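So the structure is just underneath, and the comments pick up after that.
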Amino acid sequence: MVASLPPPPHHHRSLLPIQHERRMRRPRMPGACGRIGMVSDSIHPPATERLCLGMDFGTSGARYALIDPLGRILSQGKRDYPTLYSTGETMDWVSSWKETLFTLLHDVPLEFRPLISSISIDGTSATTMIIDGNSGEALGRPYLYNESCPDALPVVKSIAPENHTVCSGSSTLCKLVSWWNENDSSKDSAVLMHQADWLLWLLHGKLGVSDYNNALKVGYDPELEEYPPWLKSQSYSRALPSVIAPGAPIGQLKQDITLRLGFSKDCVVCTGTTDSIAAFLAARASHPGKAVTSLGSTLAIKLLSTKRIDDARYGVYSHRLDDKWLVGGASNTGGAVLRETFTDEQLDELSEQINPMEASSLDYYPLRGIGERFPVADPEMKPRLHPRPASDVEYLHGILESIARIEAKAYRLLQEMGATPVEEVFTAGGGSKNEKWMKMRERVLGVPVSRAAHTEAAYGAALLALKGIDQNIREHA
C-alpha cells in the first residue's frame, strides 16, 4: 500500500510562494508548441532540495508544475499541442503528445533539473492507445477520451456485470474490444496503454505499466487489486497492462534523457492518474469527508470516503485513493444555464446585490436541456426556471440557490448510499470566483465552503511524484 499524500503544511496559505514572471531562453526545437507561460518562485531551493515534477496532458495542451517537499510551486508552464501534426480534420496525436512532453521538459529551468527526484503525469481518462510490445510503435491512432465505440458495447455488456463502469461505449474496454475485432494482425504483441502510461513509458522505458485510476474503465478491480475473472478469460486480456498504485515508482529516468537535458540520474518516474483525479489531489483534500465541487458548465462533486460507492443509475462510481475511495457524480445543472441568461458583467453586478444569508423562496431546477442523472435519475426531467420575478437580482438569487440545493441533495444522496458524510467543501471552476454564491452554498450545505488553493491537475500530478519519493526512500532504506 502506498503512503497517503502528505498533508498540507500548517498555515498552508502563508507558505505559498510569491510568484513573478520570469524570462527564459526558449528551446530551439522543430515545430515548437504554442506560446509558453512561465511562472517561477522568487526563492531558490537549497542545492540539496528534492523537487517533484508533475505534468498534466489535457484536451488542447499540457502543463507542468514543479514543487518542493512542502508543496510550494517553484516553476510552472503551459504548452499548446503543436498544429504542424494536423492535416485537415486529422491530428497525429502520438507525435503531438510526444513533442509536447519533451518541450515541457526543456521548459523546466536548467538550475532546477538536477534537483528533480521524481516525475509523474496525468492524462485524460479513457484515452486509449494500442502499442506494439516489440517495437513500441502505436498500432493505429489513439482512441480519445470522448470517443465512443458502439460496435463493441454489446460484446462488453454480454461479459461484464450489469451496470459495470465498462458498460459505456466510451470505456477503455470498449475501445480495446473494438480494436481487437477490427485487426487481424499484431494481436500477439499488442499492449494496451492509457495516455499517461504511454507518456511515462517514454521516460522510463518499461512497457505495459498502468495505475489503478486509469485502469478502472478497462475493468480492473482496485479493491481486489486484480482483473476480474470475466475479463481475464477473454482472448484480448493478454493485451492488458500490469497495474500498480498511482504515484508508485516504476523506474529511473532513461539515461539518454538525463544526459541530454541535465536531469538527475537518480530521478524516479512514478505511475500517474487521470486528469480529474489529479485535479482533486491538487485541492489537498486528504481526509474522509473532504470534498471538491467543480462549478463549471456542469456541477461535479468528488467526496473522499472510507466506503466505496458505485451506482450506475446515478452515474456514481468510485476511484481508489490508497485506502480510501473518491466517490464522484455529476449533475447537468451548472454554469452553462447561467451563461444562457446573463453575461459575465451582469453576473458580477447582480451578485453584488444579493444577500447570501437570506434564503430565496424560488424553487428552480436549472438545466440546459431535458434529462438529469445525479442526484435525480430522470432522463425525462425538464428544466424548471419559472416563475421569473421582475427583479433580475431575485431571479439570479433563485437560480444560484437552486443549484446550491441540488449540490446539497447530491452530497446527501452519497451519504444515504453509505459514503462518509461531507464535512468541508473546496470549490474549483468558474463558480468559485463568486463570493456571494460561496457564502450562499455554505449556508445551504451547512459545512465550510472555500475556494481550493490549487486547482491545476499538474499540481496534483506533482503531489503524486512527491508521494513516489517517499515510497522510494522507504523501499531503499
Two-site label geometry, Glu424 and Leu70: point separation in nm, points 7 Å out along Cα→Cβ: 1.9
Region 402-443-region 247-318 distance, computed between alpha-carbon centres (Å): 21
Entry for semi-axes √(5λ) of the Cα gyration tensor in Å (calculated from the structure that is shown) out of (i) 46, 30, 20; (ii) 36, 29, 21; (iii) 40, 29, 26: (ii)
Nitroxide proxy distance, nm - points 7 Å out along Cα→Cβ at Val393 and Ser135: 6.9
Antiparallel %, DSSP beta bridges [both residues in the chain], to 5: 70
Nearest 10 degrees, 0 to 90: helix 195-204 Cα axis against the chain principal axis: 30
Degrees, to the nearest 10: 392-416 long Cα axis against longest axis of the chain: 60
Residue-span extension gain [Glu223 to Ser158] - 0.36 nm each, minus C-alpha spacing: 21.1 nm
C-alpha long axis of helix 172-182 to longest principal axis of the chain, angle in °: 50
Cross-link pairs Lys290/Lys439; Lys78/Lys467; Lys290/Lys382; Lys206/Lys324; Lys409/Lys467; Lys78/Lys98 - those with Cα-Cα distance over 25 Å: Lys290/Lys382; Lys206/Lys324; Lys409/Lys467
Cross-link reach list, aspartates and glutamates versus Lys265, counting only Cα pairs under 16 Å and skipping chain neighbours closer than eight places: Glu49, Glu111, Asp256
Estimated distance in nm for a label pair at Leu84 and Ala312, the labels positioned 7 Å out from Cα along Cα-to-Cβ: 4.6
Nearby aspartates and glutamates by direct alpha-carbon distance to Lys232 (threshold 16 angstrom, same-chain neighbours under 8 apart not counted): Asp188, Asp221
Within straight-line cross-link reach of Lys433, aspartates and glutamates at Cα separation under 19 Å, skipping those fewer than 8 residues along the same chain: Glu340, Asp344, Glu345, Asp348, Glu349, Glu352, Glu401, Glu407, Glu424, Glu442, Glu456
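Read-outs: derived from the displayed coordinates by stated rules, not from any lab. Bear in mind that the values here come from a model prediction, so they are computed numbers and not experimental data. Every residue, glycine as well, gets a Cβ built from its backbone with ideal geometry; the counts of neighbours run over all protein chains shown.
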